Amino acid sequence: MSKHVAVLMGGLSSERQVSLWSGTACANALEAEGFRVTRIDVGRDLPEALLRVKPDVCFNALHGRFGEDGTVQGLLEVMGIPYTHSGVLASSLAMHKERAKIVMAAAGVPVPQGRVVTRAEAAAGHVLEPPYVLKPVDGGSSVGVLIVNEDQAHPPQELTRDDWSHGESLLAEKFIAGKELTCAVLNGEPLDVIEILPSVGFYDFEAKYAKGGSRHVLPAQISPFVYQEARRLAVAAHHALGCRGVSRADFRFDDRDGGSGELVCLEVNTQPGMTETSLVPELAAYVGMGFGELVRWLVEDASLDR
């Protein structure tokens, strides 16, 4: 009898729509691979839903708060249900960008300079010398990310909006110009490196998920040394945070004339997007692993935290 897989998707975070896209794609692929699949749009009744469904394994296609930060992982640990991707501690660490940076820096992975500030502080005046970046300290999918340019006399007005929904703690980081690179780690081994070229502006939500929002160059057109260094650092970050299954490390490389030439790791994603425009499926396909094979491998790799 084939395994019964519950695909967890949707959820309660600001990344709900992205998760529904990822979850639907993964559920369809798993059914094509011969698994028995139950789709669960995750709400606060998840424990009752899992007791009713009784899956052999959960495919975690959640993004953002509660699904990517160790919360649902802890629930699955208590219920004794094996699940895909990283465990409780790695998920919690990687989701909190400042704490992840501390751990990665201790492992020799270069990270941007910055500090955590409150939204009120960030709105009152420049917290760093422009240009700099403000981002939710525990968010993803570039939701709530603001770029503060050199010519801006005041912080972005979005910070003062009554409907701001991205938390009160922000990470302020020095803006690093140059190439946007990403590298995935699968089963502890690095895949290749993609350069991301957004159609407009930076690699924001639209650039990530809208068709035509960005162009991916694979393999990235960088020197062999930088290419291999990105792969090495992606693995170092993956292991430092204690990730398992698949992760994706995002980098900036300042290769402009007069630039530092430094490769800097911005963050590690323990729940990379799995949509038709996502990076990990593209990287896997580049080495001959189709989408169905990728999701099958993730299910077979699923376990409780170890």
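From the list 133, 148, 185, which residue is at negative phi, assigned by the TED database to the domain that holds residue 250, crowded, with 20+ Cβ neighbours inside 10 Å and not small (Gly, Ala, Ser)?
Result: 185 is the single residue among 133, 148, 185 that is at negative phi, assigned by the TED database to the domain that holds residue 250, crowded, with 20+ Cβ neighbours inside 10 Å and not small (Gly, Ala, Ser).
What's the number of the condition residue 49 fails, among (1) buried (at least 23 other Cβ atoms within 10 Å of the Cβ); (2) at pLDDT 95 or above; (3) on the phi < 0 side of the Ramachandran plot?
That leaves (1) as the condition not met.
Looking only at residues in the range 93-104 that are surrounded by fewer than 22 Cβ atoms within 10 Å (Cβ to Cβ) and not basic (Lys, Arg), which one is nearest to residue 117 (Cα to Cα)?
If we take residues in the range 93-104 being surrounded by fewer than 22 Cβ atoms within 10 Å (Cβ to Cβ) and not basic (Lys, Arg), then 98 is nearest to residue 117 (Cα to Cα).
Which residues, counting only those in the range 1-16, are closer than 20 Å to residue 70 by Cα and part of a loop (DSSP other than H, G, I, E, B)?
Listed by number, the residues that qualify are 10, 11, 12, 13, 14, 15.
All but one of (1) at positive phi; (2) surrounded by fewer than 22 Cβ atoms within 10 Å (Cβ to Cβ) hold for residue 31; state the number of the condition that does not hold.
Condition not satisfied by residue 31: (1).
Quick check, is residue 248 part of a helix (DSSP H, G or I), of a type in the set (D, E, K, R), open to solvent by 10 Å² or more (accessible area, probe 1.4 Å) and at pLDDT 95 or above? Talk me through it step by step, then tell me what you get.
Values: part of a helix (DSSP H, G or I): no; of a type in the set (D, E, K, R): yes; open to solvent by 10 Å² or more (accessible area, probe 1.4 Å): yes; at pLDDT 95 or above: yes.
The answer is no for residue 248.
The values are calculated or read from the model by the stated rules, or taken from the named source; none is laboratory data. Please read all numbers here as calculations on a predicted model, not as lab measurements. Because the Cβ atoms are built from the backbone with ideal geometry, glycine has one as well, and the counts that use them run over all protein chains shown. Side chains are part of the model used for accessible areas, which takes the heavy atoms of the whole protein and leaves out ligands, DNA and RNA. Shrake-Rupley method; radii C 1.70, N 1.55, O 1.52, S 1.80 Å.
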